[in-house]
Amino acid sequence: MKILISAGPTREKIDIIRFISNRSSGKMGYALAAIAAESDAEVVLVSGPVNLNVSDNVRLIKVESAAEMAKAVYLEAPDADLVIMAAAVADFTPKQVCDHKIKKTSGNLTIDLKPTEDILLNLGKNKPEGQVLVGFAAESENLLANAQDKMQRKNLDWIAANDISKKDRGFASDSNAVTLLSKDGKQIEIAMDSKKNIAKQIIKIISV
Ligand code: CTP
(Lines give C-alpha, C1' and ligand atoms only; values in the text may rest on other atoms or scores of the structure.)
Protein backbone atom coordinates (compact mmCIF):
# COMPACT_ATOMS: atom_id res chain seq x y z
CA MET A 1 0.00 0.00 0.00
CA LYS A 2 1.29 3.47 -0.88
CA ILE A 3 0.00 6.62 0.80
CA LEU A 4 0.79 10.05 -0.64
CA ILE A 5 0.23 13.15 1.50
CA SER A 6 0.90 16.82 0.78
CA ALA A 7 1.45 19.39 3.51
CA GLY A 8 2.34 22.98 4.26
CA PRO A 9 2.14 26.20 2.28
CA THR A 10 3.74 26.96 -1.05
CA ARG A 11 5.93 29.98 -1.78
CA GLU A 12 5.44 31.93 -4.98
CA LYS A 13 8.46 34.04 -5.88
CA ILE A 14 8.11 37.78 -6.57
CA ASP A 15 11.82 38.46 -6.92
CA ILE A 16 15.04 36.83 -5.67
CA ILE A 17 14.25 37.48 -1.99
CA ARG A 18 10.47 37.98 -1.78
CA PHE A 19 7.54 35.64 -2.08
CA ILE A 20 3.80 35.26 -1.56
CA SER A 21 2.73 32.52 0.84
CA ASN A 22 0.14 31.71 3.50
CA ARG A 23 -0.04 30.85 7.21
CA SER A 24 -0.21 27.05 6.82
CA SER A 25 2.06 25.40 9.42
CA GLY A 26 2.05 21.94 7.80
CA LYS A 27 1.06 20.37 11.14
CA MET A 28 -2.08 18.62 9.83
CA GLY A 29 -0.29 17.00 6.89
CA TYR A 30 2.73 15.97 9.00
CA ALA A 31 0.40 14.46 11.63
CA LEU A 32 -1.36 12.48 8.88
CA ALA A 33 2.00 11.24 7.58
CA ALA A 34 3.11 10.22 11.09
CA ILE A 35 -0.09 8.22 11.65
CA ALA A 36 0.05 6.65 8.17
CA ALA A 37 3.66 5.62 8.87
CA GLU A 38 2.51 3.54 11.86
CA SER A 39 1.07 1.10 9.31
CA ASP A 40 3.02 -1.08 6.85
CA ALA A 41 2.32 1.36 4.03
CA GLU A 42 4.98 3.21 2.04
CA VAL A 43 4.37 6.85 2.98
CA VAL A 44 5.44 9.77 0.78
CA LEU A 45 5.11 13.33 2.06
CA VAL A 46 5.37 16.21 -0.40
CA SER A 47 5.92 19.28 1.73
CA GLY A 48 6.14 23.01 1.22
CA PRO A 49 8.57 24.98 3.41
CA VAL A 50 7.85 24.26 7.10
CA ASN A 51 9.92 23.59 10.17
CA LEU A 52 8.69 20.21 11.32
CA ASN A 53 10.27 16.83 11.95
CA VAL A 54 9.22 13.86 9.92
CA SER A 55 9.06 10.21 11.03
CA ASP A 56 11.98 8.03 9.86
CA ASN A 57 9.86 5.80 7.66
CA VAL A 58 8.31 8.66 5.70
CA ARG A 59 9.89 9.59 2.35
CA LEU A 60 9.99 13.39 2.37
CA ILE A 61 10.01 15.39 -0.86
CA LYS A 62 10.61 19.09 -0.19
CA VAL A 63 9.18 21.64 -2.61
CA GLU A 64 8.72 25.41 -2.65
CA SER A 65 6.22 26.56 -5.24
CA ALA A 66 2.82 25.29 -6.36
CA ALA A 67 4.40 24.29 -9.69
CA GLU A 68 7.06 22.20 -7.89
CA MET A 69 4.42 20.62 -5.67
CA ALA A 70 2.34 19.77 -8.73
CA LYS A 71 5.33 18.10 -10.42
CA ALA A 72 6.21 15.97 -7.37
CA VAL A 73 2.60 15.00 -6.67
CA TYR A 74 1.87 14.04 -10.30
CA LEU A 75 4.97 11.83 -10.26
CA GLU A 76 4.02 10.00 -7.05
CA ALA A 77 0.22 9.82 -7.37
CA PRO A 78 -0.42 7.29 -10.19
CA ASP A 79 0.54 4.20 -8.10
CA ALA A 80 -0.73 5.53 -4.74
CA ASP A 81 -3.67 3.76 -3.09
CA LEU A 82 -4.53 6.76 -0.95
CA VAL A 83 -3.79 10.42 -1.68
CA ILE A 84 -4.49 13.16 0.87
CA MET A 85 -3.95 16.76 -0.25
CA ALA A 86 -3.57 18.65 3.03
CA ALA A 87 -1.29 21.34 1.56
CA ALA A 88 -2.42 24.94 1.35
CA VAL A 89 -1.41 25.40 -2.27
CA ALA A 90 -1.25 29.01 -3.45
CA ASP A 91 -4.07 29.77 -5.88
CA PHE A 92 -2.09 32.55 -7.60
CA THR A 93 1.53 33.14 -8.51
CA PRO A 94 3.30 36.22 -9.92
CA LYS A 95 3.16 36.37 -13.72
CA GLN A 96 6.82 37.30 -13.78
CA VAL A 97 9.63 36.65 -11.31
CA CYS A 98 12.05 39.54 -11.18
CA ASP A 99 15.67 38.31 -11.38
CA HIS A 100 16.96 41.08 -9.12
CA LYS A 101 15.67 42.74 -5.95
CA ILE A 102 12.80 45.07 -6.89
CA LYS A 103 13.85 48.58 -5.86
CA LYS A 104 11.67 50.86 -3.80
CA THR A 105 10.03 53.63 -5.82
CA SER A 106 7.86 56.48 -4.63
CA GLY A 107 4.61 55.21 -6.18
CA ASN A 108 2.55 52.06 -5.71
CA LEU A 109 3.79 48.68 -6.86
CA THR A 110 1.44 46.38 -8.72
CA ILE A 111 2.19 42.67 -9.03
CA ASP A 112 0.29 40.77 -11.69
CA LEU A 113 -0.76 37.31 -10.60
CA LYS A 114 -1.85 34.33 -12.66
CA PRO A 115 -3.71 31.24 -11.40
CA THR A 116 -1.69 28.18 -10.39
CA GLU A 117 -2.68 24.68 -11.41
CA ASP A 118 -5.30 23.07 -9.19
CA ILE A 119 -3.36 19.92 -8.31
CA LEU A 120 -6.28 18.16 -6.64
CA LEU A 121 -8.60 18.89 -9.56
CA ASN A 122 -6.10 17.25 -11.93
CA LEU A 123 -5.66 14.26 -9.60
CA GLY A 124 -9.44 13.84 -9.59
CA LYS A 125 -9.58 13.98 -13.41
CA ASN A 126 -6.91 11.27 -13.71
CA LYS A 127 -7.84 9.17 -10.67
CA PRO A 128 -6.81 5.54 -11.19
CA GLU A 129 -9.34 2.79 -10.50
CA GLY A 130 -9.45 1.99 -6.78
CA GLN A 131 -7.49 5.02 -5.58
CA VAL A 132 -8.99 6.92 -2.63
CA LEU A 133 -8.61 10.67 -3.09
CA VAL A 134 -9.04 13.02 -0.14
CA GLY A 135 -9.01 16.82 -0.05
CA PHE A 136 -9.26 19.51 2.56
CA ALA A 137 -11.61 22.46 2.28
CA ALA A 138 -10.49 25.58 4.11
CA GLU A 139 -13.62 27.69 4.36
CA SER A 140 -14.50 30.87 6.21
CA GLU A 141 -18.21 30.75 5.27
CA ASN A 142 -20.83 28.19 4.13
CA LEU A 143 -18.51 25.41 5.35
CA LEU A 144 -20.41 22.27 4.39
CA ALA A 145 -22.01 23.54 1.17
CA ASN A 146 -18.65 24.77 -0.15
CA ALA A 147 -16.88 21.57 0.93
CA GLN A 148 -19.54 19.43 -0.74
CA ASP A 149 -19.18 21.44 -3.92
CA LYS A 150 -15.36 21.03 -3.86
CA MET A 151 -15.69 17.28 -3.34
CA GLN A 152 -17.92 16.92 -6.40
CA ARG A 153 -16.01 19.37 -8.60
CA LYS A 154 -12.66 17.70 -7.85
CA ASN A 155 -14.00 14.09 -8.03
CA LEU A 156 -12.97 13.26 -4.44
CA ASP A 157 -13.94 10.29 -2.27
CA TRP A 158 -13.67 12.28 0.97
CA ILE A 159 -13.24 15.89 1.96
CA ALA A 160 -12.27 17.26 5.37
CA ALA A 161 -14.09 20.54 5.91
CA ASN A 162 -12.15 22.99 8.00
CA ASP A 163 -13.72 26.13 9.46
CA ILE A 164 -10.89 28.65 9.26
CA SER A 165 -13.00 31.55 10.58
CA LYS A 166 -12.31 30.30 14.15
CA LYS A 167 -8.87 31.05 15.62
CA ASP A 168 -8.64 27.89 17.74
CA ARG A 169 -8.48 25.44 14.84
CA GLY A 170 -7.05 24.79 11.42
CA PHE A 171 -4.46 27.13 9.96
CA ALA A 172 -1.30 27.41 12.08
CA SER A 173 -3.06 26.08 15.19
CA ASP A 174 -2.07 22.94 17.16
CA SER A 175 -5.65 21.77 17.26
CA ASN A 176 -8.35 21.22 14.72
CA ALA A 177 -11.95 20.12 14.28
CA VAL A 178 -13.18 18.83 10.94
CA THR A 179 -16.30 17.47 9.32
CA LEU A 180 -15.55 14.57 7.02
CA LEU A 181 -17.88 14.27 4.04
CA SER A 182 -17.88 11.28 1.69
CA LYS A 183 -19.06 11.12 -1.91
CA ASP A 184 -21.68 8.55 -0.86
CA GLY A 185 -23.26 10.94 1.63
CA LYS A 186 -21.57 10.22 4.97
CA GLN A 187 -21.09 13.20 7.29
CA ILE A 188 -18.81 12.54 10.26
CA GLU A 189 -17.95 15.20 12.83
CA ILE A 190 -14.48 14.95 14.38
CA ALA A 191 -14.58 17.13 17.48
CA MET A 192 -11.85 19.57 18.50
CA ASP A 193 -8.64 17.75 19.38
CA SER A 194 -4.89 17.83 18.74
CA LYS A 195 -3.95 17.52 15.05
CA LYS A 196 -2.33 14.15 15.92
CA ASN A 197 -5.64 12.79 17.22
CA ILE A 198 -7.60 14.33 14.35
CA ALA A 199 -5.18 12.65 11.93
CA LYS A 200 -5.63 9.31 13.71
CA GLN A 201 -9.39 9.51 13.29
CA ILE A 202 -9.25 10.67 9.67
CA ILE A 203 -6.95 7.77 8.69
CA LYS A 204 -9.14 5.30 10.60
CA ILE A 205 -12.38 6.49 8.98
CA ILE A 206 -11.13 6.69 5.40
CA SER A 207 -9.32 3.33 5.63
CA VAL A 208 -12.50 1.39 6.51
N1 CTP B 1 -5.57 22.48 -3.88
C2 CTP B 1 -4.71 22.04 -4.87
N3 CTP B 1 -4.16 22.92 -5.76
C4 CTP B 1 -4.46 24.24 -5.70
C5 CTP B 1 -5.35 24.72 -4.69
C6 CTP B 1 -5.88 23.82 -3.81
O7 CTP B 1 -4.43 20.83 -4.92
N8 CTP B 1 -3.91 25.08 -6.57
C9 CTP B 1 -6.17 21.51 -2.95
C10 CTP B 1 -5.82 21.71 -1.49
O11 CTP B 1 -4.68 20.95 -1.13
C12 CTP B 1 -7.07 21.19 -0.78
C13 CTP B 1 -8.18 21.48 -1.76
O14 CTP B 1 -7.57 21.67 -3.04
O15 CTP B 1 -7.04 19.79 -0.56
C16 CTP B 1 -9.04 22.67 -1.45
O17 CTP B 1 -8.26 23.80 -1.25
P18 CTP B 1 -8.94 25.18 -0.85
O19 CTP B 1 -7.88 26.22 -0.74
O20 CTP B 1 -9.90 24.97 0.29
O21 CTP B 1 -9.86 25.46 -2.10
P22 CTP B 1 -9.62 25.99 -3.54
O23 CTP B 1 -9.85 24.86 -4.48
O24 CTP B 1 -8.32 26.72 -3.63
O25 CTP B 1 -10.86 26.98 -3.70
P26 CTP B 1 -11.18 28.37 -2.93
O27 CTP B 1 -9.83 29.01 -2.65
O28 CTP B 1 -12.01 29.10 -3.92
O29 CTP B 1 -11.95 28.01 -1.70
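The values are calculated or read from the model by the stated rules, or taken from the named source; none is laboratory data. All values derive from a computational prediction rather than experimental measurement. No Cβ is skipped: glycine too gets one built from the backbone with ideal geometry, and neighbour counts run over all protein chains shown. Surface accessibility is based on the protein's heavy atoms, side chains included, excluding ligands, DNA and RNA. Shrake-Rupley method; radii C 1.70, N 1.55, O 1.52, S 1.80 Å.
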Filter region 92-106 for residues that are assigned to a loop (DSSP other than H, G, I, E, B) and touching a Leu at 6+ places or on another chain (Cβ under 9 Å); the one that is farthest from residue 42 (Cα to Cα) is 102
Flagged in region 153-176 as among the acidic types (Asp, Glu) and within 26 Å of residue 122 (Cβ to Cβ), in numbering order, are 157
Of the residues in region 181-207 that are without any contact (Cβ under 8 Å) to a residue 12 or more places away in the chain and under 23 Å from residue 38 (Cβ atoms), the one that is surrounded by the fewest Cβ atoms within 10 Å (Cβ to Cβ) is 204
The one condition residue 64 fails out of (1) open to solvent by 20 Å² or more (accessible area, probe 1.4 Å); (2) assigned to a loop (DSSP other than H, G, I, E, B); (3) of a type in the set (D, E, K, R); (4) more than 21 Å from residue 136 (Cα to Cα) is (4)
Answer yes or no as to whether residue 156 is surrounded by 20 or more Cβ atoms within 10 Å (Cβ to Cβ), part of a loop (DSSP other than H, G, I, E, B) and within 11 Å of the ligand (Cβ to nearest atom).
yes
Condition set within 15 Å of the ligand (Cβ to nearest atom) and out of contact with any strand residue (DSSP E or B) (no Cβ under 6 Å at 6 or more places or on another chain), scope region 70-93, selection most open to solvent (accessible area, probe 1.4 Å): answer is 71
Within region 31-54, the count of residues that are assigned to a loop (DSSP other than H, G, I, E, B) and hydroxyl-bearing (Ser, Thr, Tyr) comes to 1
For region 66-81, pairs from a residue that is under 17 Å from residue 36 (Cα atoms) and among the basic types (Lys, Arg) to a residue that is open to solvent by less than 70 Å² (accessible area, probe 1.4 Å) and more than 14 Å from the ligand (Cβ to nearest atom), with Cβ under 7 Å and 6 or more apart or across chains, are none
Within region 159-180, residues at negative phi, open to solvent by 40 Å² or more (accessible area, probe 1.4 Å) and more than 9 Å from the ligand (Cβ to nearest atom) come out as 165, 166, 167, 168, 169, 171, 174
Only unsatisfied item for residue 117, checking (1) in a loop (DSSP other than H, G, I, E, B); (2) surrounded by fewer than 18 Cβ atoms within 10 Å (Cβ to Cβ); (3) more than 9 Å from the ligand (Cβ to nearest atom), is (3)
